[in-house]
Amino acid sequence: MLNDIVPQAEPDAHLEQPGYLGITPPPGLPPEKGQRVWIDRPQQLLLAVHILKTSHVIAVDAEFTQVRSAVQTGVSNTSQRLALLQLAMDKQCFVVDALRLHDLSPLAAVVEDPSIIILLHGAGSDLRVMAERGLHVAHYFDLEATSRSVFGQHESSLAAMLQRALHVRLDKSLQRTDWTRRPLPPAMVAYAARDAEMTLALYYWLNEHYSWALKLQESTNLHEPVAAWIEPFLRGSVPIPAEVVVAGAIEQGSIANREQLVADCRAALTNLTHPMRCNRLLRLIADLSLAELSPDIEPLLTAPPAEVRAGAIRALSRLNVEHAQDLIRPLLHDPVQDVRKAAQTALRTQIHKEPHKNVASHVKSADGTRRWTVVESHETDSNDESDWKARLRSMIDE
């Protein structure tokens, strides 16, 4: 599949050039200007919801403002407050005044309907501010993540993608304006609606040429099952080193031995399709020095998503796979800059050096709390299971 997205090039053409060096499909047509409707009354919102429910694909964009509040300690806290919510369907865009409308719950019938695909570009902040207003999106595509899988991190912004996909130059002059201002001038309303309308147009182009990337980034893939001890790492919610987590899991009996550790990670590698989760799994495998999984990682060097190819490079480099240099070198000519950079970094390191071990130690305070530190040990440990389990036990001894 990688051959479909990697163009042929001269051997040295990719080494110093920045950006995406692959072939881009022909540009699509910019969207025709549709009706833009300002919504600041409950009855208007109900009518908009009735119309939106007739569409199976809706692009959503949010404008929010930074709010500072003082906490009891006297330190100011900054949060984001939803000011506008733009919802675009074919030939129509609704711009919802989220400041005047305190009750946005009618929109739940749209965004929480799993049969309606919600399109977001850079889903994180929009999902968070919507959730704070009681709107939890059930089924979405993140077009920023989709673009990153194809073209790389530095070329996945909405402005860059619209230039590539539609040959449209996006005006971002009002990006940092005060969205709490009322009444909003027509130019600001049009600016807000334009982002949602363009997100919808970008989706049609991506779906035509890169449907595989959209399917991988579908939000339903965020719930692919893995072993219970692995899941927190894939969510990015583990603040302590992986070795410490494994040590605790062995003490509690949720992980029996190293064989289970390897088997659980191997099964996850087989089952996961979401690029972000796959990338975090590769990092976990490298953190735990599970070199037995190197043969399972090697095929990912030719995976379609760019971030997975880069993650596989970094994992094999950290695992000190003997023949990793030969496997990684061809990726110096990858079309995506992120992958080329990962390959260059890996080849600059001494892949053939002795594998290092991350050793966790702790100091127990008088109140019973523990402070963990992780240091690198270059001593060669035996692969014998008893030695491995003894090392983990030493991490949790009183």
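The values are calculated or read from the model by the stated rules, or taken from the named source; none is laboratory data. Model, not experiment: these values are computed from the prediction. Note that we place each Cβ from the backbone using ideal geometry, even for glycine, and neighbour counts take in every protein chain shown. These accessible areas exclude ligands, DNA and RNA; they are computed on the full protein's heavy atoms, side chains included. Shrake-Rupley method; radii C 1.70, N 1.55, O 1.52, S 1.80 Å.
Once all protein chains are placed together, Ile51 keeps about 50 Å² accessible to a 1.4 angstrom probe. From most to least packed by mean Cβ count within 10 Å, the peptides 106-112, 310-316 give 310-316, 106-112. On region 18-60, 62 percent of the accessible area sits on carbon and sulfur atoms, based on a 1.4 Å probe.
Classify region 137-276: rounded, prolate or oblate, from the alpha-carbon gyration tensor (a ≥ b ≥ c, eigenvalue square roots; a/c under 1.5 rounded; otherwise prolate if a/b is larger than b/c)?
Since a/c reaches 1.5 and a/b is larger than b/c, the shape of region 137-276 is classed as prolate.
Put a dot 7 Å past the Cα of Ala256, heading toward its Cβ, do the same for Lys33, and the two dots end up 6.9 nm apart.
In order along region 221-228, the Karplus-derived 3J(HN,Hα) couplings, from 6.51 cos²θ - 1.76 cosθ + 1.60 at θ = phi - 60°, round to 6, 6, 10, 5, x, 9, 4, 4 Hz, and Gly and Pro are given as x.
Volume of the convex hull of region 205-265 (Cα atoms only), normalised per residue: 105 Å³. In the full protein context, region 275-344 carries 35 Å² of accessible surface per residue, based on a 1.4 Å probe and ignoring ligands, DNA and RNA. With all protein chains kept in place, the per residue accessible area of region 91-218 amounts to 42 square angstrom at a probe of 1.4 angstrom.
The slack in the chain from Glu322 to Asp178, taken as 0.36 nm per residue of separation less the alpha-carbon distance, amounts to 46.3 nm. Here each label is just a point 7 Å from Cα along the line to Cβ, and for Arg329 and His50 those points are 6.9 nm apart. On region 257-349, 52 percent of the accessible area sits on carbon and sulfur atoms, based on a 1.4 Å probe. Using a 1.4 Å probe and ignoring any ligands, DNA or RNA, find the accessible area of Thr220 and quote it in Å² to the nearest 10. Rounded to the nearest 10, the figure is 70 Å².
Distance between the pseudo-spin-label points of His167 and Leu347 (7 Å out from Cα toward the beta carbon): 3.6 nm. Residue ranges 291-303, 194-206 sort as 194-206, 291-303 when ordered by packing (mean number of other C-beta atoms within 10 Å per residue, highest first).
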